[in-house]
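Visitor: Would you mind keeping the following structure in view while I ask a few things?
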Amino acid sequence: MTSILDPLNRNSAPSDQTVAAGGMPPALPGISSTTEQSRENETPGSARIPKIALEEHFMLTDMLGYFKDTKVNIKAELYDKAIPILTDFGDRRLSTMDQNGIDFSVLSLSGPGVQVEKDAKVAVRMAKFCNDALALEVSKRPNRYGGFAHLAMQDPEGAADELERCVRELGFKGALINGQTLGVYLDDRRYDVFWERVVDLTVPIYLHPGNPIDHPAMYADHPEMWGPTYSWAVETCAHAMRLIFSGLFDRFPTAKIILGHMGETLPIQLWRLDSRLPISNQNCKLLLNPSDYLKNNVLITTSGVCSDSALRCAIDSMGVNNVMFSVDYPFEDTRTAASWIDAAPLTLEERQKICYLTASTLMNIKLNTL
Ligand code: MN
């Protein structure tokens, strides 16, 4: 593995800029497991598959106060090393993309950002500042970078207005939201004004992990479970479930959300969700089965899960058109992610859809390399 910031990693490559949030397994099955089937579907000698990456983070010096909340989730020395990597929009980031065949990155502020700001007015102002700063960086390299809006969800109508400004005026591709905001989840009916605008603008909302506002007893005495190891998947999966069971996608059937980390465990759960909801002792009325919303309204990325079996499950359960490549830079290793998807046992058509075609269509991203 090649995470220069992982103290456990003795084989670090100096050219790679990655913050590892934890030790990685010594070998990944995807790198060497290209099957005969996928070889048959590849054109011999064909050029590499272009890649678009969607969960790629940055930080601004003025936003560091909010980023400190993340310190509890990763080792202190890794947090310190992350900052110069996150704040670079130039050669360091571009060379990592170039070395690993990533043509285009949609950039997002590393969480939780203004979503933890108690003063809504300050949150709105800082979110605008952040979006303007990102737009400036994107404008310098519009063929390589896109932007996801950072939004002050404390103010639902203001967030809708800022999303519209970011999409229409700054050319952003959607927004990335770091979970709940001061205890309020996105299924709250006060957010209908926001979802109306999302649908009007036809942009996706990337639902990125964040910590819950409380610290549930199930994590007591187990700090290793808090954060990227486990609790973020639980929190983000539950958030997505809240959106589905609230009927949000019946009210806004064209709304699209994106989940990272191979769908935050949801791809294995479709059958059980459909099977158990009808016998649930509750009055949840949906027009469709839960699995239908997961196929119609939810796309997932491969960020941080370089596993052939997890990828196959995601494709088989949600459909290949719902799975997109991502890295989670710099918290995951770009080389690991890119080399894994290049060699994963996929048909050429599957690999093209996952690596760039679906993202390109969903967010109207034009690649120079095509
Ligand atoms: Mn991330």
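The values are calculated or read from the model by the stated rules, or taken from the named source; none is laboratory data. All figures in this text were calculated on a predicted structure; none of them were measured in a lab. Positions of Cβ are backbone-derived with ideal geometry, glycine not excepted, and every protein chain shown enters the neighbour counts.
Visitor: Do you know which residues across segment 256-313 are among the charged types (D, E, K, R), more than 18 Å from the chain's Cα centre (by Cα) and outside any loop (DSSP other than H, G, I, E, B)?
Guide: Arg272, Asp274, Arg276, Asp292, Asp308, Arg312
Visitor: Hey, can you tell me all the residues within segment 202-233 that are assigned to a helix (DSSP H, G or I), in contact with a Ser or Thr (Cβ under 8 Å, 6 or more places away or on another chain) and under 20 Å from Gly263 (Cβ atoms)?
Guide: Matches in segment 202-233: Met225, Ala233.
Visitor: What single numbered condition from (1) surrounded by fewer than 21 Cβ atoms within 10 Å (Cβ to Cβ); (2) under 20 Å from Ala160 (Cα atoms); (3) within 16 Å of the ligand (Cβ to nearest atom) fails to hold for Ile258?
Guide: (1)
Visitor: Considering only residues that are at pLDDT below 95 and among the aliphatic types (A, V, I, L, M), which ones fall in segment 316-370?
Guide: Passing the criteria: Leu367, Leu370.
Visitor: Please pick out the residue among Leu357, Leu367 that is under 28 Å from Arg93 (Cα atoms), free of Cβ contacts under 8 Å to residues at least 24 places away in the same chain and surrounded by fewer than 22 Cβ atoms within 10 Å (Cβ to Cβ). First the steps, then the outcome.
Guide: Values: Leu367 fails: free of Cβ contacts under 8 Å to residues at least 24 places away in the same chain.
That would be Leu357, the only listed residue that is under 28 Å from Arg93 (Cα atoms), free of Cβ contacts under 8 Å to residues at least 24 places away in the same chain and surrounded by fewer than 22 Cβ atoms within 10 Å (Cβ to Cβ).
Visitor: Confirm whether Gly158 is under 17 Å from the mean Cα position of the chain (by Cα) and surrounded by 15 or more Cβ atoms within 10 Å (Cβ to Cβ).
Guide: It is false that Gly158 is under 17 Å from the mean Cα position of the chain (by Cα) and surrounded by 15 or more Cβ atoms within 10 Å (Cβ to Cβ).
Visitor: Could you name every one of the strands (runs of 3 or more DSSP E) located completely within segment 39-153 that has at least 3 residues being touching a residue at least 60 places away in the same chain (Cβ under 8 Å) and under 16 Å from the mean Cα position of the chain (by Cα)?
Guide: Because the criterion is at least 3 residues that are touching a residue at least 60 places away in the same chain (Cβ under 8 Å) and under 16 Å from the mean Cα position of the chain (by Cα), the strands (runs of 3 or more DSSP E) in segment 39-153 that meet it are 52-58, 104-109.
Visitor: Could you tell me which residue of segment 94-119 is farthest from Met363 (Cα to Cα), considering only residues that are among the hydroxyl-bearing types (Ser, Thr, Tyr) and within 15 Å of the ligand (Cβ to nearest atom)?
Guide: Ser110
Visitor: Among the residues of segment 318-339, is any over 23 Å from Leu176 (Cα atoms), in a helix (DSSP H, G or I) and within 16 Å of the ligand (Cβ to nearest atom)?
Guide: Checking segment 318-339: at least one residue is over 23 Å from Leu176 (Cα atoms), in a helix (DSSP H, G or I) and within 16 Å of the ligand (Cβ to nearest atom).
Visitor: Just to be sure before I move on: is Glu224 out of contact with any helix residue (DSSP H, G or I) (no Cβ under 9 Å at 6 or more places or on another chain), closer than 24 Å to Leu273 by Cβ and charged (D, E, K, R) in the structure I sent?
Guide: It is false that Glu224 is out of contact with any helix residue (DSSP H, G or I) (no Cβ under 9 Å at 6 or more places or on another chain), closer than 24 Å to Leu273 by Cβ and charged (D, E, K, R).
Visitor: Okay, moving on. State the number of residues belonging to segment 161-189 that are surrounded by fewer than 19 Cβ atoms within 10 Å (Cβ to Cβ) and not in a loop (DSSP other than H, G, I, E, B).
Guide: Matching residues across segment 161-189 total 6.
Visitor: On the given criteria, is Ser275 at pLDDT below 95 and either under 24 Å from Leu54 (Cβ atoms) or surrounded by fewer than 21 Cβ atoms within 10 Å (Cβ to Cβ) (or both)?
Guide: no
Visitor: Looking only at segment 191-244, count every residue that is on the phi > 0 side of the Ramachandran plot and within 16 Å of the ligand (Cβ to nearest atom) and tell me the total.
Guide: Of the residues in segment 191-244, 1 are on the phi > 0 side of the Ramachandran plot and within 16 Å of the ligand (Cβ to nearest atom).
Visitor: Could you count how many residues in segment 329-370 are of a type in the set (A, V, I, L, M, F, W, C) and under 21 Å from His57 (Cα atoms)? Write out each step before concluding.
Guide: As a first pass, look at segment 329-370 and keep what is of a type in the set (A, V, I, L, M, F, W, C): 331, 337-338, 340-341, 343-344, 346, 348, 354-355, 357, 359, 362-363, 365, 367, 370.
Of the ones still in play, those that are also under 21 Å from His57 (Cα atoms) are 331, 337-338, 340-341, 354-355, 359, 362-363, 365, 367.
Going through segment 329-370 one residue at a time, the tally reaches 12.
Visitor: Related question: Whether any residue in segment 327-349 is free of Cβ contacts under 8 Å to residues at least 60 places away in the same chain and out of contact with any Asp or Glu (no Cβ under 6 Å at 6 or more places or on another chain) is what I want to check.
Guide: No: segment 327-349 contains no residue that is free of Cβ contacts under 8 Å to residues at least 60 places away in the same chain and out of contact with any Asp or Glu (no Cβ under 6 Å at 6 or more places or on another chain).
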